Amino acid sequence: MIKMKVSNLAVSYQNKPVIKDVSYTLKGGEMTSVIGPNGTGKTTMIKAIAHLIKYKGKVTLEDSDGQPISKNKIAYVPQMSTTTTTLSVFEMVLLGRVKELNWKVEKHHLDAVTQMLDRLGLLSLSNRPFCRLSGGQRQLVTMAQALVSKPKVLLLDEPTSALDLRHQLQVLDVAQQYTKQEGIITMAVLHDLALVARYSDNILLLHNGYIEKEGLQSDVLKKDLLQKVYQVEVDVSISNKGYTTVTPIRPCKIKQLEYTA
């Protein structure tokens, strides 16, 4: 089983701390949601893990034998793509193998793209220009591009933003299934706590650049804790099908509610 260890991670912008001494360990086969109010450092944290921005601290990725895994095995999927490229869907996904390609694209790379498109229900769109896709279709293609690179860590930055309900579920279903089947580590920045409850094995709750709480949803999706961090009165209940439901009620009138672990 692969393992990712984040130790004393810190990120600053223009000498202003955004992420402050964050540490945790994640393991393969599990999907972790990163939640918290706007501006608390969620996107900054996963960009640091993806080595897209400078950071202090250490991020290590190891296989089941304790051997290091290259940072090239970390795939980052940004928020909704706004690219106007006329590349086809097939060509866009093939770019996920760009580090392995040469002047002649070998058959096994083409087969891998075809299989991934089929797996995500996109095969019929193979020849369509990426710029002519709907938002949900674009997000799935971007996901396919990341997955065809065979990552060991998949980082999703608000993958459901601006998507309708069907496409939200479709994108997260794909991420969850791939995570379980391939034994990878997946982290997703999410705002919808209903989706967090539906898909998370673990949750990291960020607040003011620190981890306020981490653990199972039963540890994190608690009424008083959510009220303290989000400054919103909420109701937390269990649905008839056993899912945790978080219902926002109103902004808190007091500055901060105390929480006791």
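The values are calculated or read from the model by the stated rules, or taken from the named source; none is laboratory data. Since this is a predicted model, take the numbers as computed values, not measurements. Every residue, glycine as well, gets a Cβ built from its backbone with ideal geometry; the counts of neighbours run over all protein chains shown.
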For segment 174-203, how many residues meet the condition of being of a type in the set (G, A, S) and either within 11 Å of the chain's Cα centre (by Cα) or farther than 21 Å from G242 by Cβ (or both)? 4
Of the residues D173, D192, D157, D164, which single one is touching a helix residue (DSSP H, G or I) at 6+ places or on another chain (Cβ under 7 Å), surrounded by fewer than 19 Cβ atoms within 10 Å (Cβ to Cβ) and not small (G, A, S)? D164
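Can you find, within segment 198-216, the residue that is farthest from G39 (Cα to Cα) among those that are among the small types (G, A, S) and surrounded by 21 or more Cβ atoms within 10 Å (Cβ to Cβ)? Before you say what the answer is, go through the steps one by one.
Here is the first cut: in segment 198-216, the residues among the small types (G, A, S) are 200, 209, 215.
Narrowing the set further to residues that are surrounded by 21 or more Cβ atoms within 10 Å (Cβ to Cβ) leaves 200, 209.
Numbers: S200: 22, G209: 9 Å.
Result: S200.
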Odd one out for S134 among (1) farther than 28 Å from H51 by Cα; (2) surrounded by 19 or more Cβ atoms within 10 Å (Cβ to Cβ): (2)
Across segment 86-120, the tally of residues that are in contact (Cβ under 8 Å) with a residue 40 or more places away in the chain and either in a loop (DSSP other than H, G, I, E, B) or aromatic (F, W, Y) (or both) stands at 3
Can you tell me which of (1) of a type in the set (F, W, Y); (2) assigned by TED's automatic domain parsing to the domain that holds N8; (3) in contact with a helix residue (DSSP H, G or I) (Cβ under 8 Å, 6 or more places away or on another chain) is the one Y210 doesn't meet? (3)
Subset of segment 144-173 [of a type in the set (D, E), over 22 Å from L52 (Cβ atoms) and within 13 Å of the chain's Cα centre (by Cα)]: D173
Might you check whether a residue that is assigned to a strand (DSSP E or B), buried (at least 16 other Cβ atoms within 10 Å of the Cβ) and of a type in the set (S, T, N, Q) occurs anywhere in segment 51-66? no
Among the residues of segment 238-261, count how many are exposed (fewer than 10 other Cβ atoms within 10 Å of the Cβ), under 27 Å from the mean Cα position of the chain (by Cα) and either of a type in the set (A, V, I, L, M) or modelled with pLDDT under 75 (or both). 1
Taking segment 29-40, which residues are out of contact with any helix residue (DSSP H, G or I) (no Cβ under 8 Å at 6 or more places or on another chain) and either modelled with pLDDT of 95 or more or not assigned by TED's automatic domain parsing to the domain that holds D157 (or both)? T32
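In the set D164, D192, D173, which member is in the same structural domain as N8 (by TED's automatic domain parsing) and within 30 Å of K56 (Cα to Cα)?
On the way: D164 fails: within 30 Å of K56 (Cα to Cα); D173 fails: within 30 Å of K56 (Cα to Cα).
Answer to the selection: D192.
Just to check your reading of the model, which residue among T40, T32 is crowded, with 18+ Cβ neighbours inside 10 Å, of a type outside the set (K, R) and part of a loop (DSSP other than H, G, I, E, B)? It would help to see each step written out before you state the result.
Values: T32 fails: part of a loop (DSSP other than H, G, I, E, B).
After ruling out the rest, the residue left standing is T40.
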